[in-house]
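In what follows, a single structure is set out as structure tokens and then discussed.
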Amino acid sequence: MELLRQRILEDGRCYEGGILKVDIFINHQMDPDLMKQIGAEFARIFAGSGVNKILTIEASGIAPAIMTGAMMHLPVVFVKKKKPKTMERMLTSTVHSFTKDRDYTVCISADFLTADDRVVFIDDFLAYGNASLGVIDLCRQAGATIVGMGFIIEKVFQGGGEMLASKGIRVESLARIASLDNCTITLAD
């Protein structure tokens, strides 16, 4: 997706330790026109796959997931990072956050993720794949089928895409970062 690649190069900022900051247009302040195009692209990619639900994890995956769900006319469910007192029939998994360097217990109601669901997981970043592993675990517990996973940005050098592919997961990334060495953004492909 050329527009996304241009925005990353123009507005993305790189920090030591392989951190790419895109908070000016994706995950703090958002560009709604870009999000709409991202949703349309994921809808195009996953059209005809038999998906019946879009799944994401709070918080940065919500906007692209909603746009994808709107384009595909599908419900969107987000995995929560805090256990609500009111949630019944809760499925849980543990996810390690690369950015915040801490573990979260994530949860979803079994009322919203069932064996009848064929899901596409949408998120802002794919790094090591930790959030994805939590989603895979939740889907396994629910008996849901993962049709694929879509990421706005994949940091190829951190190996999450390869790890997910080795588990038989279809991975679709709209922009792929080959390297952030020396705080220089180098795109793949």
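Could you check Leu91 against (1) of a type outside the set (Ser, Thr, Tyr); (2) in a strand (DSSP E or B); (3) within 16 Å of the chain's Cα centre (by Cα); (4) buried (at least 16 other Cβ atoms within 10 Å of the Cβ) and say which number it fails?
Only one criterion is unmet by Leu91, namely (3).
If Phe78 satisfies every condition in (1) under 18 Å from Ile122 (Cβ atoms); (2) among the aromatic types (Phe, Trp, Tyr); (3) surrounded by fewer than 19 Cβ atoms within 10 Å (Cβ to Cβ) but one, which is the exception?
Going through (1) under 18 Å from Ile122 (Cβ atoms); (2) among the aromatic types (Phe, Trp, Tyr); (3) surrounded by fewer than 19 Cβ atoms within 10 Å (Cβ to Cβ) one by one, Phe78 breaks only (3).
Going by what's in this entry, would Arg13 be described as open to solvent by 30 Å² or more (accessible area, probe 1.4 Å), more than 19 Å from Gly150 (Cβ to Cβ), without any contact (Cβ under 8 Å) to a residue 24 or more places away in the chain and basic (Lys, Arg)?
yes
Tell me which residues, restricted to the stretch 148-165, are more than 20 Å from Gly12 (Cβ to Cβ), surrounded by 17 or more Cβ atoms within 10 Å (Cβ to Cβ) and not small (Gly, Ala, Ser).
Correct list: Met149, Met163, Leu164.
Given the residues Thr145, Thr184, which is the only one that is farther than 25 Å from Met35 by Cα, surrounded by fewer than 18 Cβ atoms within 10 Å (Cβ to Cβ) and in contact (Cβ under 8 Å) with a residue 12 or more places away in the chain?
Matching residue, one of Thr145, Thr184: Thr145.
Does Gly168 qualify as being among the small types (Gly, Ala, Ser) and either buried (at least 17 other Cβ atoms within 10 Å of the Cβ) or under 20 Å from Asp23 (Cβ atoms) (or both)?
Spelling it out, it is not the case that Gly168 is among the small types (Gly, Ala, Ser) and either buried (at least 17 other Cβ atoms within 10 Å of the Cβ) or under 20 Å from Asp23 (Cβ atoms) (or both).
Within the stretch 94-104, can you find the residues that are among the polar types (S, T, N, Q) and outside any strand (DSSP E or B)?
Within the stretch 94-104, Thr99 is the sole residue that qualifies.
Out of Gly39, Gly50, Gly61, Gly69, report the one residue that is exposed (fewer than 15 other Cβ atoms within 10 Å of the Cβ) and not aromatic (Phe, Trp, Tyr).
Checking each option against the conditions leaves just Gly50.
So which strands (runs of 3 or more DSSP E) stay within the stretch 1-77 end to end and still have 1 or more residues that are out of contact with any helix residue (DSSP H, G or I) (no Cβ under 7 Å at 6 or more places or on another chain) and at pLDDT 95 or above?
Because the criterion is at least 1 residues that are out of contact with any helix residue (DSSP H, G or I) (no Cβ under 7 Å at 6 or more places or on another chain) and at pLDDT 95 or above, the strands (runs of 3 or more DSSP E) in the stretch 1-77 that meet it are 53-57.
Would it be correct to say that Ala131 is open to solvent by less than 40 Å² (accessible area, probe 1.4 Å), part of a helix (DSSP H, G or I), closer than 30 Å to Tyr15 by Cβ and free of Cβ contacts under 8 Å to residues at least 60 places away in the same chain?
Judged against the criteria, Ala131 is not a match.
Name the residues in the stretch 110-126 that are over 10 Å from the mean Cα position of the chain (by Cα) and either surrounded by fewer than 16 Cβ atoms within 10 Å (Cβ to Cβ) or farther than 14 Å from Glu58 by Cβ (or both), would you?
If the condition is that a residue be over 10 Å from the mean Cα position of the chain (by Cα) and either surrounded by fewer than 16 Cβ atoms within 10 Å (Cβ to Cβ) or farther than 14 Å from Glu58 by Cβ (or both), then Ala110, Asp111, Leu113, Thr114, Ala115, Asp116, Asp117, Arg118, Val119 are the ones that fit.
The values are calculated or read from the model by the stated rules, or taken from the named source; none is laboratory data. Just so it is clear, the model here is predicted, and its values are computed rather than measured. Here Cβ is always computed from backbone atoms with ideal geometry, including for glycine, and neighbour counts include all displayed protein chains. Just the protein is used for accessible areas: all its heavy atoms, side chains included, with ligands, DNA and RNA removed. Shrake-Rupley method; radii C 1.70, N 1.55, O 1.52, S 1.80 Å.
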